[in-house]
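To start, the structure itself, in structure tokens.
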């Protein structure tokens with residue numbers, strides 16, 4: 001899958017987030033990169049920042065970053081449909097971290 005098509009599917013996954021939740025995403029940049037950092041080779045997505053639940057009322061820090069990694073997602077999927085589904089799951093998973101939801105709770109909700 002080309003980088004352009006992959007990015008289009010990330011944008012579609014973002015469009016599927018309910019409007020009420022999307023409106024709460026604050027000071028967060030979502031980007032696609034081909035590969036994760038060398039120390040996290042199997043990572044599909046990565047949230048970096050201060051979750052909303054930990055920010056004070058007058059938080060003015062740098063934007064949080066959500067990175068979605070193209071090649072690890074492509075490597076674990078056999079079909080285009082699986083890629084699209086994994087992108088959606090990864091986007092939701094990383095946005096949940098922005099909202100302060102940890103991996104244990106995401107696992108309970110089925111977003112491994």
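The values are calculated or read from the model by the stated rules, or taken from the named source; none is laboratory data. What you see is a predicted model, and the numbers here were worked out from it, not measured in a lab. Note that we place each Cβ from the backbone using ideal geometry, even for glycine, and neighbour counts take in every protein chain shown.
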message: It is to be established whether one or more residues within the stretch 49-65 are closer than 20 Å to residue 103 by Cα, at pLDDT 95 or above and in contact with a helix residue (DSSP H, G or I) (Cβ under 7 Å, 6 or more places away or on another chain).
response: no
query: Among the strands (runs of 3 or more DSSP E) confined wholly to the chain, which include 2 or more residues that are without any contact (Cβ under 8 Å) to a residue 40 or more places away in the chain and surrounded by 11 or more Cβ atoms within 10 Å (Cβ to Cβ)?
result: 28-33, 64-69
